[in-house]
Amino acid sequence: MKILIANPPCRIDIGNGYERYFVRSGSRWPFSVIKRKEVLPEYMPFPFYLAYSASLLLKEKCEVSVIDAVAMNLTLDDFIRESIRIRPDLVMFETTTPTIEHDLELAKRLKDCLSALIVLGGTHATIFPRQIMESVRAVDFILLGEYELNLLGLVRSLLYNTEISAVKGIVFRDNGNVAINPNPQQPDLDLLPFPARELFPRNGSHNINLYWDAFCQNQPAVQMHSSRGCPVRCNFCLWNQVIYGNGKYRMFSPKRVVDEMEHCIGRFGAKEIYFDDDSFTVDKNHVLGICREIINRKLSVKWSAMADVIFLDEEMLREMAKAGCIGIKFGIESGSREILQKIGKPVNFDKARRIAKSCADKRIKTHATFSFGLLGDNLDTINDTLNFAKDLDVDSVQFSITTPFPGTRYYDELNRENRIIAKDWLTYDGACSSVVRFNSFTREQLEEICSSALSVWLRHKIKNPRWLKRQMLNLFRLIKGQGVGAFTGKIKRIFHIIFKQ
């Protein structure tokens, strides 16, 4: 069986050589960026679930092709031409809420061009499987939640002509009626093969450098997972609630993690590993086990991670730094204790300050994320968030607008209160727009606050000599790890942010 694993493009022309470009598979938070058509965004996540699926299917002796049109900056017509050239028997790709109408139109076009089985996964398809199957005949199957084993089970059933109804975690048609098989238990992570990075972004022309997070300080920087899930139940968190079904936090074993690190160094020349976990630091023994494994093997590679200050402590930071950690991202979300309590995130502000300072002392670069438009937010709590961000001693920050994606408790509560004003899924963009009616400010005010926040933050930070000195050291480390071009690009970006207002 010939199987196409795809990450199709969704691009909207906005004139003057610019477009709205959706970052899709691999991102836990569906969003778009505004960019020039010929360039890629600064952030390109690796599509892990597609790549794990490809590895499992290769072990099943399937003929697997990959087209990551997002990472290759392909147009939709380019993507369809490539798909026709491959002539697959089955095409699988992920859906997201803002791109769903484009996704379903693509399913119809692919069915017309290829007569292949069309299989969808991802968050939106997991939440609305019946509606999709009833409205779009071109979609043959939907995979629910963490779909790698679901897809493998489906392919095996097709290959060996067994009962489709026995496959767990799929949605299918049974005598014209939509049948939904409950999602199977979450996979034992150590049983998953390494993701098939060698196939991405396209068979025969793999390029790991396309998958990039601008937070990383060395190239090549290879993205990895050491765990899945998070025990913190933030009400807006899409992945935890929809893909993991609020399941338990699971980890690859430290040995398996460091085996994969060695593989990435040997096969792809990784100079940095970025652990793009939901939260790398949930389990202290897991973190310390990885650090010990790295040190015992004398593995010489720098690494960074998406973590959480809720779980971090001094011992973990000390061992992480000793094992080569040079960067930590963490989500704070709000500077208001009241708001954090409402969304279900128990951040201790004093601890966050201590962790940030300790990281600075250890030369670990830090990045904190904040969200505006959380449940209960008003102009005062938003101002608290901006002030806390300015006070926190981190190297960089991200401000975004909280989007109530279907399947989250945030969406359900707003929907009950009739406060969701958007009718078009395309507006559910986690980067730049609000779809919520607030009581104490307008949507336009919120978007303006978010648009200007980074400039306000940076103009505050550059007055701090200690912070400024640390950024000079970070820039010199950037030159060493990526070259003068990266340094020049970073300086241009800084000036753009400062003088935006």
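The values are calculated or read from the model by the stated rules, or taken from the named source; none is laboratory data. Quick caveat: nothing in here was measured; it's all calculated off a predicted structure. Here the Cβ positions follow ideal geometry from the backbone for every residue, glycine too, while neighbour counts run over all protein chains shown.
Hey, any hits in the range 189-205 for a residue that's assigned to a loop (DSSP other than H, G, I, E, B), modelled with pLDDT under 95 and of a type in the set (Phe, Trp, Tyr)? The answer is no, given that none of the residues of the range 189-205 is assigned to a loop (DSSP other than H, G, I, E, B), modelled with pLDDT under 95 and of a type in the set (Phe, Trp, Tyr). Kindly evaluate Ile118 against the criterion of being among the aliphatic types (A, V, I, L, M), farther than 30 Å from Thr402 by Cα and assigned to a helix (DSSP H, G or I). No, not satisfied. The residues in the range 390-430 that are within 30 Å of Ile364 (Cβ to Cβ), small (Gly, Ala, Ser) and modelled with pLDDT of 95 or more can be counted, and the count is 1.
Just so you know, in the range 436-489 the residues that are of a type in the set (Phe, Trp, Tyr) and modelled with pLDDT under 90 include one that is nearest to Ser400 (Cα to Cα), and it is Phe487.
For Asn348, indicate whether it is out of contact with any strand residue (DSSP E or B) (no Cβ under 9 Å at 6 or more places or on another chain), surrounded by fewer than 22 Cβ atoms within 10 Å (Cβ to Cβ) and free of Cβ contacts under 8 Å to residues at least 40 places away in the same chain. Please lay out each step first, then the result.
Working: out of contact with any strand residue (DSSP E or B) (no Cβ under 9 Å at 6 or more places or on another chain): yes; surrounded by fewer than 22 Cβ atoms within 10 Å (Cβ to Cβ): yes; free of Cβ contacts under 8 Å to residues at least 40 places away in the same chain: yes.
Criteria met by Asn348.
Restricting to the range 461-501, what's the tally of residues that are closer than 20 Å to Gly327 by Cβ, without any contact (Cβ under 8 Å) to a residue 40 or more places away in the chain and aromatic (Phe, Trp, Tyr)? Summing the residues that are closer than 20 Å to Gly327 by Cβ, without any contact (Cβ under 8 Å) to a residue 40 or more places away in the chain and aromatic (Phe, Trp, Tyr) in the range 461-501 gives 2. Of note, Ile86 does not satisfy the criterion of being farther than 17 Å from Phe141 by Cα, free of Cβ contacts under 8 Å to residues at least 40 places away in the same chain and surrounded by 16 or more Cβ atoms within 10 Å (Cβ to Cβ).
Applying a threshold of 6 Å to beta carbon distances and a minimum spacing of six or more residues, or different chains, the list of pairs starting in the range 271-284 at a residue that is over 16 Å from Glu260 (Cβ atoms) and in the same structural domain as Gly327 (by TED's automatic domain parsing) and ending at one that is outside any strand (DSSP E or B) and among the hydroxyl-bearing types (Ser, Thr, Tyr) reads Val282/Tyr249. State whether one or more residues within the range 382-391 are touching a Phe, Trp or Tyr at 6+ places or on another chain (Cβ under 9 Å) and under 24 Å from Arg20 (Cβ atoms). Checking the range 382-391: not a single residue is touching a Phe, Trp or Tyr at 6+ places or on another chain (Cβ under 9 Å) and under 24 Å from Arg20 (Cβ atoms). Right, Phe46: among the aromatic types (Phe, Trp, Tyr), more than 18 Å from the chain's Cα centre (by Cα) and not in a strand (DSSP E or B) or not? When the stated conditions are applied, Phe46 does not pass them. Here the condition is being among the acidic types (Asp, Glu) and either under 15 Å from Leu340 (Cα atoms) or crowded, with 23+ Cβ neighbours inside 10 Å (or both); of Asp380, Asp393, it holds for Asp380 alone.
Of all residues in the range 70-97, those satisfying the criterion of being among the β-branched types (Val, Ile, Thr) and assigned to a loop (DSSP other than H, G, I, E, B) are Thr75, Thr96, Thr97. Going by the structure shown, is Val242 among the hydrophobic types (A, V, I, L, M, F, W, C) and in contact with a Cys (Cβ under 7 Å, 6 or more places away or on another chain)? In short, no. Within the range 156-193, being touching a Pro at 6+ places or on another chain (Cβ under 8 Å) and touching a residue at least 40 places away in the same chain (Cβ under 8 Å) holds for Val171, Val178, Ile180. For the range 106-114, the condition of being in the same structural domain as Phe22 (by TED's automatic domain parsing) and under 24 Å from the mean Cα position of the chain (by Cα) holds for at least one residue. Can you tell me which residues in the range 414-465 are within 24 Å of the chain's Cα centre (by Cα), acidic (Asp, Glu) and closer than 23 Å to Ile498 by Cβ? Once the filter is applied, which keeps residues that are within 24 Å of the chain's Cα centre (by Cα), acidic (Asp, Glu) and closer than 23 Å to Ile498 by Cβ, the range 414-465 yields only Glu447.
For the range 18-43, filtered to residues that are aromatic (Phe, Trp, Tyr) and assigned to a strand (DSSP E or B), the residue that is farthest from the chain's Cα centre (by Cα) is Tyr18. Condition check: surrounded by fewer than 17 Cβ atoms within 10 Å (Cβ to Cβ), in the same structural domain as Leu238 (by TED's automatic domain parsing), more than 24 Å from the chain's Cα centre (by Cα) and assigned to a loop (DSSP other than H, G, I, E, B). Does Asn387 satisfy that? No.
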